[in-house]
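I have placed the structure first, in the form of structure tokens, so that the comments after it can refer back to it.
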Amino acid sequence: MTRVVSNESGEVILVAVDFSASSESALLLGAKLAAGSATPLVVLHVAHDPADHPGTYPRTGPQDLLLPLSEIAVRMLDEYVESMRQKHPEVQALAEVRKVVVGGIPETRIVEVAERLSAKAILVGSHSRSGLAKLLSGSVSEKVAQHSRIPVTVVHSHEEAWDCAGKTPAETRPATEGPLTAAAH
């Protein structure tokens, strides 16, 4: 269930995606880092059927009823990357992205694939769960960060970041303003 990726350079930037808004933010940041460091960009999706989100891999027609989950996940990743290319044509690194789909438990498989590909960084999105939801389902991004020897960057989507803060962009102020910076002078 693994799509093989050749790795001539020995290092990659790995972005793990689950097709969420935070994955989009992580992929855009990963593309920027890849372009700035001339490092190949790999987009990873771990195919799994989460109990808390059944229907993650929709079977849209009769031809899909007999397809294995892995084939649907590969198609979804292909469509996701293509939609990101169309939505962000200015991001050149998306044109040269390598895609990998593996099966398993996301928090362990992300780390395994990153090590196998000699990733120099892992980027993952965060769903900004808290309280009972986080306790019950855990946090994939948190577990990846705990278990990886490779640096991990956890990225929130712009929308989720504003929602968590309870503010809209217009209600925030630049970090250079306010009592903390005034006291530092």
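Could you list, in their original order, any pairs among Lys32/Lys120; Lys87/Lys143; Lys32/Lys99; Lys99/Lys143 whose Cα atoms are separated by more than 19 Å?
Working: Lys32/Lys120 14 Å; Lys87/Lys143 30 Å; Lys32/Lys99 17 Å; Lys99/Lys143 22 Å.
Over 19 Å Cα-Cα: Lys87/Lys143; Lys99/Lys143.
Rank by packing, highest mean first: peptides 81-90, 28-37, with packing defined as the count of other Cβ atoms within 10 Å averaged across residues.
Values: 81-90: 12.5, 28-37: 18.3.
Result, highest mean first: 28-37, 81-90.
A short reminder: the numbers here are calculations on the coordinates, not readings from a lab. Quantities reported herein were computed from a predicted structural model and do not represent experimental measurements. Cβ: placed from backbone, ideal geometry, glycine included. Neighbour counts: every protein chain shown.
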